[in-house]
Amino acid sequence: MNHPPDPMIIILIVVNAIIFWFLFSRSWLSLAKLYKTNQPPPHNIRRMRHGSVGWIRYKGTLNVGITPEGIYLSVIPVFNIGSSPLLIPWGEIDRIEKVNSLFVQSYRLHLKNNKTTIVLKKEDLEAAKLFFTGRGIDLL
């Protein structure tokens with residue numbers, strides 16, 4: 001005999017989903033306040049990449065593009081609820097540091113006006129070498 005689900009379980013699931021969404025979008029939302037864009041993705045967009053924004057890792061759900069204005073970031077449509085595309089101007093990147101990993105070379109980007117850091121793979125930043133070199137930042 002089928003019993004209807006306990007209302008407390010439904011409430012618990014909904015509350016957990018809200019908390020989960022809040023925690024996972026918090027870093028992105030703080031960046032969106034400063035860097036939200038309505039521009040379409042650049043022609044060189046690299047889709048379904050790995051990276052992190054704040055302490056949240058995006059595994060195969062991050063889109064990364066390099067433009068003359070800055071770094072374009074978005075989340076693939078299935079997971080982008082509340083995550084507007086971002087365009088972070090080159091001038092907002094304060095410093096870059098290598099992130100040591102066993103097999104993958106990545107860089108952590110520190111922003112001037114926000115404590116949130118962004119970690120992207122070296123291969124996703126290759127097209128940005130020209131822009132970084134012009135600012136005295138060397139990607140090895």
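Go through (1) outside any strand (DSSP E or B); (2) open to solvent by less than 30 Å² (accessible area, probe 1.4 Å); (3) in contact (Cβ under 8 Å) with a residue 60 or more places away in the chain one by one and return the number of the condition residue 30 breaks.
Only one criterion in (1) outside any strand (DSSP E or B); (2) open to solvent by less than 30 Å² (accessible area, probe 1.4 Å); (3) in contact (Cβ under 8 Å) with a residue 60 or more places away in the chain is unmet by residue 30, namely (2).
Report yes if residue 101 is in contact with a Lys or Arg (Cβ under 7 Å, 6 or more places away or on another chain) and not in a strand (DSSP E or B), otherwise no. Please lay out each step first, then the result.
Working: in contact with a Lys or Arg (Cβ under 7 Å, 6 or more places away or on another chain): no; not in a strand (DSSP E or B): yes.
Criteria not met by residue 101.
Which members of segment 64-80 meet the condition of being in a helix (DSSP H, G or I) and either among the polar types (S, T, N, Q) or under 14 Å from the mean Cα position of the chain (by Cα) (or both)? It would help to see each step written out before you state the result.
Just the residues of segment 64-80 that are in a helix (DSSP H, G or I), to begin with: 77-79.
Within segment 64-80, 77, 79 meet the criteria.
Would you be able to tell me the number of residues in segment 81-135 that are of a type in the set (S, T, N, Q) and under 13 Å from residue 35 (Cα atoms)? I'd like the intermediate steps shown before the answer.
Going residue by residue through segment 81-135, those that are of a type in the set (S, T, N, Q) are 83-84, 100-101, 105-106, 113-114, 116-117, 133.
Checking which are under 13 Å from residue 35 (Cα atoms) leaves us with 83-84, 113-114, 116.
Residues meeting the conditions: 5.
Considering only residues that are over 15 Å from residue 46 (Cβ atoms) and surrounded by 12 or more Cβ atoms within 10 Å (Cβ to Cβ), which ones fall in segment 71-80? Working first, answer last.
Step one: filter segment 71-80 for residues over 15 Å from residue 46 (Cβ atoms), giving 77-80.
Listed by number, the residues that qualify are 79, 80.
If the requirement is being outside any loop (DSSP other than H, G, I, E, B), among the charged types (D, E, K, R), within 30 Å of residue 19 (Cα to Cα) and at pLDDT below 90, which of these qualifies: 57, 47? Give the steps one after another, and end with the answer.
Working: 47 fails: at pLDDT below 90.
Residue meeting the stated conditions: 57.
Before we move on, is residue 83 surrounded by 17 or more Cβ atoms within 10 Å (Cβ to Cβ), touching a residue at least 24 places away in the same chain (Cβ under 8 Å) and in a loop (DSSP other than H, G, I, E, B)? Steps first, please.
Working: surrounded by 17 or more Cβ atoms within 10 Å (Cβ to Cβ): yes; touching a residue at least 24 places away in the same chain (Cβ under 8 Å): yes; in a loop (DSSP other than H, G, I, E, B): yes.
Yes, satisfied.
The values are calculated or read from the model by the stated rules, or taken from the named source; none is laboratory data. What you see is a predicted model; the values in this text were computed from it and never measured. Methodologically, a virtual Cβ is constructed for each residue, glycine included, from the backbone with ideal geometry; neighbour enumeration extends over all protein chains shown. Accessible surface is based on the protein model in full, side chains and every heavy atom, while ligands, DNA and RNA are left aside. Shrake-Rupley method; radii C 1.70, N 1.55, O 1.52, S 1.80 Å.
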